[in-house]
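Bear in mind these aren't lab numbers, they're just calculated from the coordinates by the rules spelled out. The model shown is predicted, which means the values in this text are computed figures rather than measured ones. Every residue, glycine among them, receives a Cβ derived from its backbone with ideal geometry; neighbour counts consider all protein chains shown.
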Amino acid sequence: MPDRSKRLDGHIVVVTGAARGIGAQTARQAAAEGARVIVSDIQRDAGEKLAAELPDARFFPHDVGDEGDWNKLTELCRSEGGVHGLVNNAGIYDPRLIEDTDVAFFERNVRINQLGTLLGIQFVQKAAPAEGASIVNLSSLSGLRGTKGIAYTATKWAVRGMTRTAAVELAPRKIRVNSIHPAFIDTPMLSAMSRQHFEMRQKSIPLGRAGTVEDVANLIIFLLCDDSSYITGSETAIDGGLSA
Amino acid sequence: MPPAADPSRIAIVTGAARGIGRATALRLRSNGWSIVAIDQSPMTDLPDDLSGIDEFRCDLTDSAAVKNVVALALERYGRIDLLVNNAGISGAKPVHETDDENLARIMEVNFTVPFRLSREVLKVMQPGGGIINVASVVNFRATPSTSTYTASKAALAGLTRQMASEYGPRGIRCNAVAPGLVETTLTADKLRCDAKFRRIWVDGTPWHRLGRPEDIAAAIAFLASPDAEFINGHTLVIDGGWSVAAPAV
């Protein structure tokens, strides 16, 4: 079936937060499409284990809020011909009420989810080859609506906006930038939500099920490859129709 | 030679003679779909091998045509798995210059016909089926003179979201694509002659080019595929960044 083939053949693709969840599945599928994947994560054990399973992949220990780490990654990718794809997926999710959101917690969310995305965009700007690159930023339903967890919401709306500015500014470098907005994807991150709450909310999804990591990875691969070569500055909801 | 068609992938594509519709018909076929290609005129630049493309020639604004076309497709194939509402017309003017005939015509072709086709198809579509509507970026960012065109495409995008919410529980996904300006013989001429047009659509697009029919077809094919099974009620913008950019000066 021609829907899938080696669409990322030979491309260097960095996936942050790739030790588990959406990141891990994206890394697997990118590798299956021929990419040379850099599995980036702060979790060493899981990240190294995944990289060892994939053909032509490697693990990169990564705190996405740390400029030094991104500089190392820039050097690494430049020495290998440049980065063709970046999935800014690393993030934290802890939906505290406003009254429970202290400054330190808010800043931690900003550092990982928002600053991490900025540093990733700058990394691609420095390390992309002449033929360009594609950046996929993980936003969320929380970047379309006002869901519980004001710190998370703030960072996901920020990622949506940053995506648009970056799309305009990096177009001359042939770098595309798009955000995706998943909701109710069955991953370890969702353990922050109670199972009861999850099952209750699942009923309001028109397609009647939670999303899978495969669903999201499929969309990310589409946005990384040439089939989406005229798509930039876009935001794609992947939520079974919840945001409709 | 296209691959053997999957008998559970029957797609109706309207406006399939040229442009986005034609590119979509061909791209879907290369992904294993069988195409019922609807248009008033024959497909331009016919591929050498027409297997998997069944041309129905009719005017969908004719009151009986919509029902007849769906009934015929159902009779011939036993099922309809995808409807791509692509047929549409331009020719809009500023509001104060728009007569009732222009208003009615553009709303009918761009919105009412897709609505009627969706109605007939939704009566018979099985779980796993879908509808993809071709809307436009002018729903997100205004352009001169496009009064009824903008309204009709916004109506279509709104309908898409509502249908997605309503029919999602039946296992039917409804999505839209919002192309920016796409290369056609008409737009190619305008680009050559009209500097203001060029400034809006080329200089004002971060990607500095118009869309190609294949760009839109690729996105439609993605949305139609199992890869997009959790995407529902979404309008996918394919515009080289035009709708998120500031106007060119």
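Hey, how many Å between the Cα centroid of the range B:35-56 and the Cα centroid of the range A:95-168?
45 Å
Pop a pseudo-label 7 angstrom from the Cα along the beta-carbon direction at both B:Thr61 and B:Thr184 and give the gap in nm to one decimal.
The answer from the label model is 1.4 nm.
On average, how many beta carbons from a partner chain sit within 10 Å of the beta carbon of a residue in A:157-167?
1
Which order do peptides A:171-182, B:107-118 fall in by mean Cβ count within 10 Å, highest first?
Numbers: A:171-182: 22.8, B:107-118: 20.5.
In descending order of packing, they fall as A:171-182, B:107-118.
Using only the alpha carbon atoms of chain B, find the Kirkwood hydrodynamic radius as the inverse mean reciprocal pair distance, in angstroms to one decimal. Working shown, then result.
Working: mean 1/r = 0.0544 Å⁻¹.
One over the average 1/r among Cα pairs gives 18.4 Å for chain B.
To the nearest 10 degrees, how steep is helix A:116-127 against the longest Cα principal axis of chain A, on a 0 to 90 scale?
Once rounded, one gets 10 degrees.
What is the order of A:Thr153, A:Thr147, B:Thr205, fewest Cβ neighbours within 10 Å to most?
Values: A:Thr153 20, A:Thr147 15, B:Thr205 24.
Starting with the residue having the fewest Cβ neighbours, the order is A:Thr147, A:Thr153, B:Thr205.
Note down the relative contact order for chain A as a percent, whole number, built from C-alpha pairs under 8 angstrom at least six residues apart.
Values: 498 pairs, mean separation 47.6, N = 244.
Averaging sequence separation for qualifying contacts and normalising by length gives 19 percent for chain A.
Can you compute the charge dipole magnitude of chain B about its Cα centre, using +1 on each Lys and Arg Cβ and -1 on each Asp and Glu Cβ, nothing else charged? Give it in debye, rounded to the nearest 20. Each step should come with its number before you reach the end.
On the way: 26 positive and 27 negative charges, 91 e Å.
For this selection, approximately 440 debye.
As a test of the formula, what do you get for the protein assembly as shown when each DSSP H run with n ≥ 4 contributes -39,500 (n - 2.57) and the sum is divided by the residue count, at 222 nm and rounded to the nearest 500 deg cm²/dmol? Don't skip to the end; give the middle numbers.
Values: 16 runs with 186 residues, N = 493.
Using -39500 (n - 2.57) per qualifying helix, the result is -11500 deg cm²/dmol.
Work out how far the C-alpha atoms of the range B:176-232 reach from end to end along every principal axis, then list the three figures in whole Å, largest first.
Over the range B:176-232, Cα extents along the principal axes are 43, 21, 15 Å.
With only alpha-carbon pairs counted, each pair once and no self-pairs, how large is the Kirkwood hydrodynamic radius of chain A in angstroms?
Values: mean 1/r = 0.0560 Å⁻¹.
Evaluated over chain A, this radius sits at 17.9 Å.
Between B:Leu46 and B:Glu97, what length comes free when the chain is fully extended (0.36 nm per residue of separation minus the Cα-Cα distance, one decimal in nm)?
Numbers: separation 51, 0.36 × 51 = 18.36 nm, distance 3.87 nm.
Here the segment from B:Leu46 to B:Glu97 would lengthen by 14.5 nm.
Working from Cα positions, state the angle (0 to 90°, nearest 10) between the long axis of helix A:213-224 and the longest principal axis of chain A.
40 degrees
With a 10 Å Cβ neighbour count serving as the proxy for reagent exposure, in which order, fewest first, do A:Thr16, B:Thr61, B:Thr160 appear? Each step should come with its number before you reach the end.
Values: A:Thr16 29, B:Thr61 15, B:Thr160 26.
By the 10 Å Cβ count, ascending: B:Thr61, B:Thr160, A:Thr16.
Give me B:Met125, A:Met200 ranked fewest to most by other Cβ atoms within 10 Å of their Cβ, as a rough exposure proxy.
Taking fewest neighbouring Cβ atoms as first place, the list is A:Met200, B:Met125.
With charges only on Cβ, +1 for K and R and -1 for D and E, what is the dipole size of the range B:117-249 about its Cα centre, in debye, rounded to 20? Don't skip to the end; give the middle numbers.
Details: 14 positive and 11 negative charges, 66 e Å.
For this selection, approximately 320 debye.
Any idea what the relative contact order of the range A:97-183 is, in percent, if you count C-alpha pairs under 8 Å spaced at least 6 apart? Write out the running numbers ahead of the final one.
Values: 114 pairs, mean separation 32.4, N = 87.
Rounded, it is 37 percent for the range A:97-183.
What FRET efficiency would be calculated for the residue pair B:Ala248, A:Gln125, taking the C-beta separation as r and a Förster radius of 22 Å, to the nearest 0.05?
On the way: r = 22 Å, r/R0 = 1.02.
FRET efficiency, B:Ala248 to A:Gln125: 0.50.
How large are Rg and Dmax for the range A:147-244 when only the alpha carbon atoms are used, in Å?
Looking at the range A:147-244, its Cα Rg and Dmax stand at 15.1, 48 Å.
Relative to the Cα centre, what is the charge dipole magnitude of the range A:31-79, using +1 at the beta carbon of each Lys and Arg, -1 at the beta carbon of each Asp and Glu, and rounding to the nearest 20 debye?
180 debye
I need the Debye-formula profile for the protein assembly as shown: one equal scatterer per C-alpha, no solvent, reported as log10 I(q)/I(0) at q = 0.13 1/Å, two decimals.
-1.25
What length, rounded to one decimal in nm, is gained on full extension from A:Arg44 through to A:Asp226, with 0.36 nm per residue of separation minus their alpha-carbon distance? Mind showing how you got there, number by number?
On the way: separation 182, 0.36 × 182 = 65.52 nm, distance 3.18 nm.
The span from A:Arg44 to A:Asp226 would gain 62.3 nm if fully extended.
Are there any helices in chain B, counted as whole DSSP H runs, that stretch 15 Å or more along their axis by Cα and score at least 0.5 on average by Kyte-Doolittle, and if so which? Mind showing how you got there, number by number?
Values: long enough: B:19-30 (17 Å, -0.01); B:65-77 (18 Å, 0.68); B:113-124 (17 Å, 0.35); B:147-167 (30 Å, -0.21); B:213-224 (16 Å, 1.33).
Qualifying helices: B:65-77, B:213-224.
Bins of 10 Å, beginning at zero and ending with the bin holding the largest distance: percent of Cα pairs per bin for the range A:90-158, please.
Pairs per bin, as whole percents: 21, 45, 23, 10, 2.
Roughly how crowded by other chains is peptide B:19-32, in terms of the mean Cβ count from those chains within 10 Å of each of its Cβ atoms? Walk me through the numbers before you get to the answer.
Values: counts 0, 0, 0, 0, 0, 0, 0, 0, 2, 0, 0, 2, 3, 3.
Averaged over the peptide's residues, the number is 1.
Can you find, among B:Ala92, B:Ser51, B:Ala104, the residue sitting farthest towards the positive end of the charge dipole of the range B:1-118, where Lys and Arg contribute +1 and Asp and Glu -1 at Cβ?
B:Ser51
Please report the orientation-averaged projected area of the range B:86-225, defined via the convex hull of its C-alpha atoms, in nm².
9.2 nm²
Residue farthest toward the positive end of the dipole of the protein assembly as shown, with Cβ of Lys/Arg at +1 and Asp/Glu at -1: which of A:Gly149, B:Pro127, B:Val36?
Comparing the listed Cα positions along the dipole, A:Gly149 ranks first.
Can you give me the angle between helix A:67-79 and the longest principal axis of chain A, using Cα atoms only, in degrees from 0 to 90, rounded to the nearest 10?
Result, in degrees: 30.
What's the average, rounded to a whole number, of partner chain beta-carbon atoms within 10 Å of each residue's beta-carbon in B:214-224? Don't skip to the end; give the middle numbers.
Details: counts 3, 5, 1, 1, 8, 6, 0, 4, 9, 2, 1.
Mean shielding by partner chains, rounded to a whole number: 4.
Scale the Cα Rg of the range B:23-132 by the rule-of-thumb value 2.2 N^0.38 Å and send over the ratio, two decimals.
Dividing the Cα radius of gyration by 2.2 N^0.38 Å gives 1.18.
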